[in-house]
Amino acid sequence: MIDTQKENQQLIALAVKCKFITANLEQAILSRLIAIYQKDPGYSVVTIFKETKILTQEKINYLLALKNHLKIKMLDKRFGEIGVSNRFITQKHVENALNVQDIFFRENRESKKIGDILVEKNVMSQANKTAILLTQDRIQDDLLEQAIYDIASSEMDRVTINKRFGAIAVKYNFISIAQLNQALRIQKKDAESGGEKRYLGQILKELFQLTEQNVHFILKIQQQIEKDRLSLEKAVTLYKSEISSSKRFNELFEFTVSQDKMEAWVHRKKESFENMELDHFHNWLKLNGIRFGLTSNELIKVFLSDFEIGYKLKIAQGTFPEPPIDEIVQFHFDIKSSTDTDINGQSSQIQVKKGAVLAKITPHKQGKPGTNIMGQTILPIEPRMHLLMCGNGVVKKGEYFLAGQDGIPVLFKQRTLFIEPCRHNRETKTLTGHLGVDTKETYRDVNLKVEGNIDAGGAVICHDLSITGNVLGKVDASGDINIKGDIGENESVVDRSNYRTIIMSGGNLNISKNITQAKVVASRNVVALNSNVFSSEIHAMETIILNNVHSSPEYPSVLEIGHIPNFKVDAVNRLIDKEIAVLRTLQEQDELDKLALKLQNHFNTQNEYLEKKQILAYLLNVCNAGELKHIESLGQKIQLYEPSNGTGPSDNGGVLLNNEYALAYMDEEIKQVEGLSIDQQRNYLSRRRVEISDMYRAAANRTERYTAEYQVRKKFIMEKVFEKQHEISLQKQKIEALMIQKDFLLLHKQPAALSPAPMIRVKNMVEKNTVIKGAHTSMVIKKSIYGVSIREIKDVITGNYDITIDGYYD
């Protein structure tokens, strides 16, 4: 009843303030209400407004909305005070949000809470907003469960809050520990399967018949626990004390920071004989972002007790990172004589026996990170690593790489060791009949003769190859190939990404008959003088000689010289990229990178305001220089100014004048004071300095808060990564195996001896639609041509490449 009477008084006062009623009418309404209260203490003044038609319904609605708005505004002012005190936001953020709130009410006749405005403007997190509302008891009961979870700033916080709810339920005998663990397992399983998110209270109600009243009881207890844990209200008193002492320290002292943020100094700028608390001074330094490497309290006490103006103290010294120790590899064979460019010229290469030590690796040691005076970690340079892998014929035992077989040691691209078998004379083998299976590595180092066909599904890897029949499968020879029969066959559909017939030669490729819907690659020449080509790809480093080339618009033939694709290596590279992406996912690398980038952005913003602050301090010193008082132009003063107390742009506490951004900002501020008197310049620069100092302290506070959040979130992520160490180790082994496979393929690739002028020669027809490619350019034949030689040439004047077509015998 008392609340109703108080609300009546508020509504009447608002009606007078809005000039809806006069002061005399106010007295009459109050007198009438006093009489009514005798019979009905809960009587509402709105009834009088309606019955007497003193106010229209529109004005009554406005008064009710205004009363609610003012009530919310009062709570929101306290919201802002708590937010500023806990350094979630700045006072400027609060003022701007309250202005937005008033404008919104005037335009919509509805109230918008300050927390919603601050979150929308991305100056406050949802977790911090909810924490303040919880502290103010402004959360409705039906939203309490969600709100308690929303105060978590990280996944680890959410897990802890979740378990706290369960602990309360167990403590008050609503459930047993076994039942709690069962519910937590279900909740975790739901989250991992991507199902709908359910609060622990919901699951307990479904499984163990907890009532809505039981859950509400637990939530109310947890609300008080979370409020006590957050202690946001306590920060208000502390903040007011800090602000008061900080203002005084700002009047008495000035601080400067070195360009590399590794040193900070404080000097006295005003005399004072008052006693200053050491804790308050530490807090002032912290507010200004100086958090690490502070000098001893004894020196600070001496500094605070010295009243001499200009007295300067190095207040903080960062620690530089310790350098790492590089990894060292000692090879036990002459790596110069064991080249990775040509494994065929083995006569001049050294040979080793099985068990011989090939290399010893001394592991690296990581450096130790340093910390600047702002508390930012400075990572050491990465140690120089030697990625040394065991290829075929090599085993690793501890720090040693050993030969696993007799042969020739090869160090490929300074990263993979191989033992190549000694080959004085290659064995020649003959296969009689048609080949329809993949022989894999069986004939890799053999000169092979096939008296028959290589059917579809058949595959051969060898050195030199001679085939009397047709080739419909796949051939990969590191030497020369001679094919007496046809290559490929007519297919109803040509899949250019996956040819059924592929021929790859590390030397010369001689073909006697036709080439149909196939891919043919040679490191030197393709000689097929009597061959007709149908919808196929021919690639050679040197010369291609053909009889006819047939093409269609849908399936054109492709002739390429001066470059050959390496299909196997390309395929392995794609697999490596795919597996590296899997490894990054296992290591949560994207999430860690995102966290680190956000932290760096906070430090960058803080440093930006620090630079501006120091520039403004320097400009004020120039403006106040007594010896230059006869000059009004600040730009001219700067040219003549010679600092005498260590505040110039080039000393330890100076501004980053080698920084383009800082120079641009200084020019901007100088332009702002052009044409102003010295007093006006001084007032403007002083005001700007206060504004930038406030922004700097706010940025420093945000950096401190996010640094704490970063450490918690990183720890949580690294715990998840640690749980997957076995899987990560296997993934790294998989990537290393693929890299070894890639190096093996590159090692056994026949070196191409590029002729001075690679050429395509076609004795008869090159049908229109055929694609011609050189190493640098390409063209499409628009009209069928006959008896031609085709080259790629470079224009000596322009440097551009063109395809030229001449006669067959030119």
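The values are calculated or read from the model by the stated rules, or taken from the named source; none is laboratory data. Quick caveat, the model's predicted, so the values are computed rather than measured. Here Cβ is always computed from backbone atoms with ideal geometry, including for glycine, and neighbour counts include all displayed protein chains. SASA here: full protein model, heavy atoms, side chains in, ligands and nucleic acids out. Shrake-Rupley method; radii C 1.70, N 1.55, O 1.52, S 1.80 Å.
Taken together, the residues in segment 372-398 that are surrounded by fewer than 18 Cβ atoms within 10 Å (Cβ to Cβ) and in a strand (DSSP E or B) amount to 6. When segment 238-252 is filtered for residues that are surrounded by 16 or more Cβ atoms within 10 Å (Cβ to Cβ), at pLDDT below 70 and farther than 13 Å from residue 282 by Cα, only 239 remains. Considering only residues that are within 23 Å of the chain's Cα centre (by Cα) and among the β-branched types (Val, Ile, Thr), which ones fall in segment 356-377? 371, 377 - these are the residues of segment 356-377 that are within 23 Å of the chain's Cα centre (by Cα) and among the β-branched types (Val, Ile, Thr). Residue 53 falls short on exactly one of the conditions (1) on the phi > 0 side of the Ramachandran plot; (2) modelled with pLDDT under 85, and that condition is (2). Within segment 785-803, residues that are acidic (Asp, Glu) sit with their Cβ atoms under 8 Å from residues that are open to solvent by less than 30 Å² (accessible area, probe 1.4 Å) and not in a strand (DSSP E or B), at 6+ positions apart or across chains, in these pairs: 792/562; 792/758; 792/774. Within segment 146-157, being in contact with a helix residue (DSSP H, G or I) (Cβ under 8 Å, 6 or more places away or on another chain) and surrounded by fewer than 17 Cβ atoms within 10 Å (Cβ to Cβ) holds for 155, 156.
With the condition being within 45 Å of the chain's Cα centre (by Cα), I'd like the strands (runs of 3 or more DSSP E) fully within segment 405-460 carrying at least 1 qualifying residues.
Working: elements: 408-412, 416-420, 428-432, 447-451.
Of the strands (runs of 3 or more DSSP E) lying wholly inside segment 405-460, those with at least 1 residues that are within 45 Å of the chain's Cα centre (by Cα) span 408-412, 416-420.
For segment 268-306, which residues satisfy the criterion of being within 26 Å of residue 611 (Cα to Cα), assigned to a loop (DSSP other than H, G, I, E, B) and open to solvent by 10 Å² or more (accessible area, probe 1.4 Å)? Residues satisfying the conditions are 269, 270, 291, 292, 293, 295. Taken over segment 555-580, the residue count meeting the criterion of being free of Cβ contacts under 8 Å to residues at least 12 places away in the same chain and either closer than 28 Å to residue 791 by Cβ or surrounded by 15 or more Cβ atoms within 10 Å (Cβ to Cβ) (or both) is 1. Residue 315: in contact with a strand residue (DSSP E or B) (Cβ under 7 Å, 6 or more places away or on another chain), buried (at least 19 other Cβ atoms within 10 Å of the Cβ) and not in a loop (DSSP other than H, G, I, E, B), yes or no? Judged against the criteria, residue 315 is a match.
Would you mention how many residues in segment 527-553 are more than 15 Å from residue 517 (Cα to Cα) and assigned to a loop (DSSP other than H, G, I, E, B)? Total satisfying the criteria: 6. Applying the criterion of being part of a loop (DSSP other than H, G, I, E, B) and open to solvent by 20 Å² or more (accessible area, probe 1.4 Å) to the residues of segment 74-105, the residue that is modelled with the lowest pLDDT is 87. Which numbered condition in (1) under 38 Å from the mean Cα position of the chain (by Cα); (2) open to solvent by 40 Å² or more (accessible area, probe 1.4 Å); (3) at pLDDT below 85 is the only one that residue 235 fails? Only one criterion in (1) under 38 Å from the mean Cα position of the chain (by Cα); (2) open to solvent by 40 Å² or more (accessible area, probe 1.4 Å); (3) at pLDDT below 85 is unmet by residue 235, namely (2).
Here's the yes/no breakdown for (1) surrounded by 13 or more Cβ atoms within 10 Å (Cβ to Cβ); (2) closer than 30 Å to residue 114 by Cβ:
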residue: 11; (1), (2): yes, yes
residue: 16; (1), (2): yes, yes
residue: 26; (1), (2): yes, no
residue: 38; (1), (2): no, no
residue: 42; (1), (2): no, no
residue: 59; (1), (2): yes, yes
residue: 62; (1), (2): yes, yes
residue: 68; (1), (2): yes, yes
residue: 72; (1), (2): yes, yes
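In segment 623-651, the qualifying residues are those that are surrounded by fewer than 16 Cβ atoms within 10 Å (Cβ to Cβ) and within 43 Å of the chain's Cα centre (by Cα), and the one that is modelled with the highest pLDDT is 635. Checking each residue in segment 106-132 for being at pLDDT 90 or above and open to solvent by less than 30 Å² (accessible area, probe 1.4 Å) picks out 114, 115, 117, 118.
Could you pull out the residue among 665, 696, 710, 706 that is of a type in the set (Phe, Trp, Tyr), under 30 Å from residue 599 (Cβ atoms) and either in contact with a Gly (Cβ under 8 Å, 6 or more places away or on another chain) or open to solvent by 50 Å² or more (accessible area, probe 1.4 Å) (or both)?
Among 665, 696, 710, 706, only 696 is of a type in the set (Phe, Trp, Tyr), under 30 Å from residue 599 (Cβ atoms) and either in contact with a Gly (Cβ under 8 Å, 6 or more places away or on another chain) or open to solvent by 50 Å² or more (accessible area, probe 1.4 Å) (or both).
Listed by first and then second residue, the pairs with beta-carbon distance under 8 Å, at least 6 apart or on different chains, first residue in segment 36-48 and more than 14 Å from residue 64 (Cα to Cα) and of a type in the set (Ser, Thr, Tyr), second part of a helix (DSSP H, G or I) and open to solvent by 50 Å² or more (accessible area, probe 1.4 Å), are 37/5.
Does residue 135 count as at pLDDT 80 or above and within 30 Å of residue 288 (Cβ to Cβ)? Criteria met by residue 135.
Quick one: how many residues across segment 454-469 are free of Cβ contacts under 8 Å to residues at least 24 places away in the same chain and more than 14 Å from residue 429 (Cβ to Cβ)? Summing the residues that are free of Cβ contacts under 8 Å to residues at least 24 places away in the same chain and more than 14 Å from residue 429 (Cβ to Cβ) in segment 454-469 gives 5. Taking the criterion of being within 11 Å of residue 162 (Cβ to Cβ), in contact (Cβ under 8 Å) with a residue 24 or more places away in the chain and either surrounded by fewer than 16 Cβ atoms within 10 Å (Cβ to Cβ) or of a type in the set (Gly, Ala, Ser) (or both), the residues of segment 176-215 that qualify are 183, 201.
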